[in-house]
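One structure is given here, and the rest of the page talks about it.
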């Protein structure tokens, strides 16, 4: 499944509450008219922190589709033009970013509804190729994180390798989402021996040695 991850920055002059209200209500109705979308979620940041650095975004949107052709079709649709027009009402579009990724569920639980989500933003070390980064992150690091105590859901989103063609570079090389019952459970998981081992492994493949993140509440509107 292809997932377009959009990192949102609110329009200057809007409070966080005004931004979230508009995004949740008016803008969601415009997005729901897009053709071929399998899943659409909004992640609204909560006032909670972990020991890791906090990522400075006002929200994260996920649009899932079965293949890249769906996104090409969306880009030529009238519904997408209405999305772009509506974004002017609440987004700082110059500071908003999009990364096209592959959605790779690692752990899915039927009991994950209502859980909080921890979204992290991964940037590879300069001496690692995208392929090397993805191998270490997906095949070596991923199983470590999947063993966290209390984990309800875990999805990895590596950037599509086509995004690196012609010398291009996506803003992030990947994202992941881990879901827990609450912020205390999340912090306890990463403070556990398993969590500390996973954190230590990050220094081997991440720029800066640690991935920033945000704790958020998911609003799933499609799928």
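Under a Gaussian network description of the chain, with springs only between Cα atoms under 10 Å, the residue in 187, 125, 25 that fluctuates furthest is 25.
The calculated 222 nm mean residue ellipticity attributable to helices in the chain amounts to -7000 deg cm²/dmol, summing -39500 (n - 2.57) over DSSP H runs of n ≥ 4 and dividing by all residues. How much of the DSSP beta bridge set in the chain is antiparallel, as a percent to the nearest 5? In the chain, approximately 100 percent of DSSP beta bridges are antiparallel ones. One equal scatterer on each Cα of the stretch 17-86, no solvent, Debye formula: the resulting log10 I(q)/I(0) at q = 0.14, 0.18, 0.22, 0.25 Å⁻¹ is -0.53, -0.78, -1.00, -1.15. Give me D for the stretch 55-163 in µm² s⁻¹, whole number, from Stokes-Einstein with Rh from the Kirkwood sum over alpha-carbon pairs, 10 °C and 1.306 mPa s. Rounded, D is 95 µm²/s.
When the chain is treated as a GNM with alpha-carbon contacts under 10 Å, the residue of 127, 58, 182 showing the greatest mean-square fluctuation is 127.
Report, in cubic angstrom per residue, the convex hull volume of the C-alpha atoms of the stretch 109-180.
Dividing the Cα hull volume of the stretch 109-180 by its residue count gives 96 Å³.
Per-peptide packing, taken as the mean over residues of other Cβ atoms within 10 Å, places 114-124, 34-44, 66-76 in the sequence 114-124, 34-44, 66-76 from highest down. Rg/Rh, computed from the Cα trace of the stretch 169-210 with Rh as the Kirkwood radius, has the value 1.04.
Before anything else, pin down the relative contact order of the chain: Cα pairs under 8 Å, at least 6 apart, normalised by residue count, whole percent. That works out to 32 percent. Note on residue 188 and residue 201: their simple-model spin labels are 2.3 nm apart, each label 7 Å out from Cα toward Cβ. What residue among 210, 62, 169 shows peak mean-square fluctuation when the chain is described by a Gaussian network model with Cα springs under 10 Å? Per the Cα network of the chain with a 10 Å cutoff, 169 tops the list. Projected onto their three principal axes, the Cα atoms of the stretch 80-223 cover extents of 47, 39, 23 Å, largest first.
Read the figures in this text as sums done on the coordinates, not as results from a lab. Please read these numbers as outputs of a predicted model, since none were measured by experiment. Note that each Cβ is placed from the backbone with ideal geometry, even for glycine, and that neighbours are counted across all protein chains shown.
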